[in-house]
Amino acid sequence: MNIIYMDNNATTKIAPEVLEAMMPYLTDYYGNASSMHSFGGVVGRELNAAREKVAALINAEPGEIIFTSCGTESDSTAIHAAIRSQPEKKHIITTRVEHPAIKNLVEYLGKNGYRVTWVPVDKTGVLDLDYLYGHLSDDTAVVSIMWANNESGVIFPIDDIAETLLARGIVFHSDAVQAVGKIPVDVKKTGLNMLSLSGHKIHAPKGVGALYVKKGTRFSPFMIGGHQERNRRGGTENTASIIGLGRACELAGTHLAEIVTRVRALRDRLENGLLEKVPNALLNGKKDARLPNTTNISFEYIEGEAILLMMDQLGICASSGSACTSGSLEPSHVLRAMGVPFTAAHGSVRFSLSTYNTEKEVNFVVENLPPIIERLRNMSPFWKEGACKVQ
Ligand code: PLP
């Protein structure tokens, strides 16, 4: 069975070019990048070339890039760096829709001496900027706001927020794990202090990420150990994966135009096709301020899991923001923060495309999903009552 992979916000396929770049460093060139001998030096040079490529994608300086093990580590490093270097400040601001990498860390800090402000979003997933600006204080150690939301795809106005925060001298971090490689990200233009990215969202392997730290930002390492990464992250570098990340960033730069045009057109075809064909289907997220590859649609009165299972039988891979995917009975915190009604949140499905998707695949989903929804609705007691059917 052919797999139709539309779950690229969860993880991506390793690009063949990335694998090719990595292979020599998994086989022949296994030296330690920090070694004095030239065998290790070869690896060290390639590591720095990768640093230049990662920096180039986001318009940073190579020295401002720290390699990490994943987006989660980059996020943790950023928040810890901000609070450890300003121990007198005890207030953190973030949003209600962050990925657990930030959400759970900040919740933990909230139980351990920090005051936390959670900025709300409206029903289209758009951030309440007045609330954010109204809660800034001299005690604010860090503001952490994702660049784009992983579930709804909604993009936040990071440039505008950065301008306000910089003027107030408040440390600003953005989790840009979903934005990098899908929309232009320029750290010089934005001026924010720290930014997280992750390899496996942009066709590099899992287990590698990077943190951008603007020159001059006070920093203290999270992983305390060896002198790697100029004493900013202890631990022998995952060289092959870092080299893969470098190549993936190069490719992402080349493919950006295709993502904002061809992939966006595919996403729109998928979204419009489903919204037109299926009654009681609702788009979650502001239509015109979203990642070009993401659509999150609620099919009212049925369960997202059931939809995923039936799509799975046809080889279609997507995600759901409803119950058991997260191991809980609650719909996702993102959909709840957006105020998506219970009956719709439970039936949400996120499709996230990549440059590997084709029009044929989109047509297949638009053709085959509506009958699945109909079948499930015919089994649903809520739908059968008839009260909810659109006339
Ligand atoms: N932040 C966002 C917005 C994400 O979507 C993810 C992964 O889904 C992460 C952070 C965590 O990244 P990683 O899986 O590399 O730890």
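The table for this structure:
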{"item": "Rounded to 10°, Cα long-axis angle of helix 16-26 versus longest principal axis of the chain", "result": "40 degrees"}
{"item": "Pair LEU136, ARG336: separation of 7 Å Cα→Cβ label points (nm)", "result": "3.0 nm"}
{"item": "SER332 accessible area, 1.4 Å probe, all protein chains in place, Å² to nearest 10", "result": "20 Å²"}
{"item": "Fully extended contour minus Cα-Cα distance, from ASP28 to LEU166, at 0.36 nm per residue", "result": "45.0 nm"}
{"item": "For the stretch 16-251: relative contact order, % (alpha-carbon pairs under 8 angstrom, 6 or more apart)", "result": "28 percent"}
{"item": "Gained length - VAL260 relative to MET1, 0.36 nm times residue gap less alpha-carbon distance", "result": "90.3 nm"}
{"item": "Angle in degrees between helix 239-258 and the longest Cα principal axis of the chain, rounded to the nearest 10", "result": "50 degrees"}
{"item": "Gain upon complete extension [ARG375, THR358; 0.36 nm per residue less C-alpha separation]", "result": "3.5 nm"}
{"item": "Prolate/oblate/rounded call for the chain, Cα gyration tensor, a/c under 1.5 rounded", "result": "oblate"}
{"item": "1.4 Å probe accessible area per residue over the chain, in Å²", "result": "42 Å²"}
{"item": "Förster radius 30 Å - calculated FRET efficiency between ASP186 and GLU17, Cβ distance, rounded to 0.05", "result": "0.80"}
{"item": "Helix 359-379 axis, angle to the chain major axis (alpha carbon atoms, nearest 10°)", "result": "50 degrees"}
{"item": "Proximal lysines relative to LYS189, as straight alpha-carbon distance under 30 Å, when same-chain residues fewer than 8 apart are discounted", "result": "LYS53, LYS89, LYS90, LYS103, LYS123, LYS201, LYS206, LYS214, LYS215, LYS286, LYS287"}
{"item": "The chain: calculated mean residue ellipticity at 222 nm from DSSP helix runs of at least 4, using -39500 (n - 2.57)", "result": "-12000 deg cm²/dmol"}
{"item": "Carbon plus sulfur fraction of accessible area for the chain, probe 1.4 Å, in percent", "result": "55 percent"}
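The values are calculated or read from the model by the stated rules, or taken from the named source; none is laboratory data. Quick caveat: nothing in here was measured; it's all calculated off a predicted structure. Cβ coordinates were reconstructed from backbone atoms using ideal geometry, including for glycine residues, and neighbour counts include every protein chain displayed. Just the protein is used for accessible areas: all its heavy atoms, side chains included, with ligands, DNA and RNA removed. Shrake-Rupley method; radii C 1.70, N 1.55, O 1.52, S 1.80 Å.
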